Amino acid sequence: MTGALGNMDDLYEAIILDHYRSPRNTAPVEEADVDFEVNNPFCGDEFHIQLKVENDAVAKVGITGRGCAISQASASLLAELVEGKSSDEVHAAVSSIRRLLKGEEITDEEADVLGDIEALAGVRKFPVRIKCALLSWVGLDDALKAHQTG
Ligand code: ZN
């Protein structure tokens, strides 16, 4: 693959392509508690994200839609990460990811939580792709906040 992923480290590229080709948790969630759509018109990325929340933890997540390799892989990595996490843990992860993509330092502890998501750090070299990588995370953060207060 060339272009957007051109010079990315091989390992990172492998993780992203794996999630792009086989996205996780793509089944719609019945009676979702949190249900929202995100889109990035500059790239044509569009996702519908649904969560089932039980005892303030994400019990189930479903992501449907389509987008470029980066946005799709990012949404899939999100689906994998948030299951079983409390809303505080999800907020913390979103904060780590924002800093990671801005090129700021994250702690070893944060890196442990993110795991494979660190692969997204490669998009820092392609500023137009940062929006693709953050798309579903920012939407999730906002939707969870709305769910908690509403
Ligand atoms: Zn995109």
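The numbers here are math on the coordinates, done by the rules we state, and not lab data. Remember, predicted model here, so these are calculated numbers, not experimental data. Glycine also receives a Cβ, built like all others from the backbone with ideal geometry; neighbour counts cover every protein chain displayed.
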| Qualifying lysines (Cα of each under 23 Å from Cα of K145; at least 8 residues distant if same chain) | K52, K60, K85, K102, K131
| task | Please list the non-local residues whose amide H lies under 5 Å from the amide H of V53, H modeled 1.01 Å from N, same-chain partners needing a gap of 5 or more. | result | D33, V34, A59
| remark: Semi-axes in Å, largest first, for the chain (Cα gyration tensor, √(5λ)) are 24, 17, 13
| field | Loop sites in region 1-95: chymotrypsin sites (Phe, Trp or Tyr not before Pro), DSSP, at most 14 other Cβ within 10 Å | value | F42
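Report the net charge of residues surrounding D142, where surrounding means a beta-carbon distance below 14 angstrom and charges are Lys +1, Arg +1, Asp -1, Glu -1.
Working: positive: R98, K145; negative: D35, E37, D141.
Summing Lys and Arg as +1 and Asp and Glu as -1 gives -1.
Tell me the GluC sites (Glu not before Pro) within region 93-136 that lie in a loop according to DSSP and have at most 10 other beta-carbon atoms within 10 Å.
Numbers: sites: E104, E105, E109, E110, E118; in loops: E104, E105.
Passing sites in region 93-136 are E104, E105.
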| Once both labels are modelled 7 Å past Cα along the beta-carbon direction, what's the T26-R99 spacing in nm? | 3.4 nm
| task | Using only the Cα atoms of region 33-112, each taken as one equal point scatterer with no solvent, compute I(q) by the Debye sum, divide by I(0), and report log10 of the ratio at q = 0.10, 0.12, 0.18 Å⁻¹. | result | -0.26, -0.38, -0.84
| said: Within the chain, which whole H helices from DSSP have a Cα span along their axis of at least 24 Å and a mean Kyte-Doolittle hydropathy of 0.0 or more, if any? | reply: 127-149
| query | For region 2-149, what relative contact order do you get, as a whole percent, if you take Cα pairs closer than 8 Å and at least 6 residues apart? | reply | 27 percent
| message | Taking the Cα centroid of region 89-126 and of region 8-54, what is the distance between the two, rounded to the nearest whole Å? | response | 17 Å
| Backbone HN-Hα couplings from phi across region 40-54 [Karplus 6.51/-1.76/1.60, Hz, Gly and Pro as x] | 10, x, 5, 10, x, 7, 9, 9, 10, 10, 10, 10, 9, 10, 10
